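Laboratory data are not the source of any read-out in this text; all were calculated from the coordinates shown. Values in this document were obtained by computation on a predicted structure and should not be read as measured data. Virtual Cβ from ideal backbone geometry, glycine too; neighbours counted across all protein chains shown.
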């Protein structure tokens, strides 16, 4: 596996020429502090000058290995040639008309691609939006309208966004919900399949969750069950096999809309086009964003045509939803995924990374669980001998990696998960070097 280094792309090396962050980044951080809300957080305060392939270059000239992809967004790279060319052509033609006023072909082309690529062979339609939160919120609107019901079932450890409704759908309080209420009603939370912590089979975990729905909500009152096929911010929790299938079957039996939030898992990230594909689960509605458009803001709800058409004309939309430049980027990104077999690339990334992560678990009892799929992998860190979360260690290892020029992210309801989301075009040499840095961080902190 080698990264695709296109003409004009940044050199694919890790290089530290200053401390991280360097002096120029610190100057910009001071300007940021004076004018940007403190409520906007930063994982690593280096200011980016250029990026591509598997590296990010900061304003001090440091070249960092990227294991975050802007939170699973730049799967095709930060400046993929097909994306750049499509965007340049579209910007030169027009940047906006509003699809609800005067439509354009790019929006239709994206919806055609979504109909082809998302799970299932049934007739599908889509509506385009700007962000994952908007997509989830509109999926709930569509499900409620189509069923005439109001209740929405979500899961422990879920993350679905930062708008008022999606904060209600999200499980974790700090930082997402703390002091932002009151939240939208008719949202009901049930236990997620979390094999490391519950030890249940998929069927057992589903029975536990669905019994709670039937007792506390009622199937006849439930508009939708909303689930991430692999949880993202919740800590890359992979449900036990059969859990998703049982949820989908229950929804079909009771006229409930089954919504798969594939915003972080979609578009080749897990080694399939969508994470639901691994078990052959076909959702009624799928929400997408992040990796779809190569870094430009675009999101979608895609689903069964009869459900999507249930909403009255004018009930869905937004001024910028399906912006023509973002649609052009999505067409270029999807072409890249196809041409470069990025689903296969994700599987090859897993083949490189997973054995190294498992070796860490074998050496250090602080690694309680290694999990994930494709290029969406994680370590859950705990106190040795149990499952007590260790967020302090997770933060320390992340900072040690940052100081050595490797971007890693943390996650999890307890803040104790190291998550890895490399661009799907990263080279194996960079992956290996990043894992060496991770190994050294563990050795330094735990020796």
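Some observations on this one:
- Three-way shape label, the stretch 83-339, alpha-carbon gyration tensor, a/c 1.5: prolate
- Neighbour-count order for 265, 18, fewest beta carbons within 10 angstrom listed first: 18, 265
- Within a Gaussian network of the chain (alpha carbon springs, distance under 10 Å), most fluctuating of 287, 170, 43: 43
- The stretch 367-414 versus the stretch 216-261: alpha-carbon centroid distance in Å: 27 Å
- Ranking of 356, 419 by count of other Cβ atoms within 10 Å, fewest first: 356, 419
- The stretch 155-231: C-alpha gyration tensor shape, a/c 1.5 cut-off, then a/b vs b/c: oblate
- Listed residues 101, 417, 237, most fluctuating in the chain (Gaussian network, C-alpha, under 10 Å): 101
- Ordering of 267-279, 140-152 by burial proxy (mean other Cβ atoms within 10 Å per residue, highest first): 267-279, 140-152
- Beta bridges from DSSP with both residues in the stretch 83-339: antiparallel share about 40 percent, rounded to the nearest 5.
- The residues 104, 188, when put in order of fewest to most other Cβ atoms within 10 Å, stand as 188, 104.
- Within the chain, helix-based [θ] at 222 nm, where runs of 4 or more DSSP H residues each add -39,500 (n - 2.57), nearest 500: -12000 deg cm²/dmol
- Mean Cα-pair separation over length for the stretch 1-152, i.e. relative contact order, pairs under 8 Å, 6 or more apart, %: 17 percent
- Of all the options 93, 158, 246, the one that moves most in a Gaussian network model of the chain with Cα springs shorter than 10 angstrom is 93.
- Shape of the stretch 263-337, Cα gyration tensor, a/c cut at 1.5: oblate
- Packing-based ranking, highest mean first, of 122-133, 384-395 given that Cβ atoms within 10 Å are counted: 122-133, 384-395
- Mean separation of Cα pairs under 8 Å and 6 or more residues apart, divided by the residue count, gives the stretch 223-329 a relative contact order of 21 percent.
- Relative contact order [Cα under 8 Å, 6+ residues apart], the chain, whole percent: 23 percent
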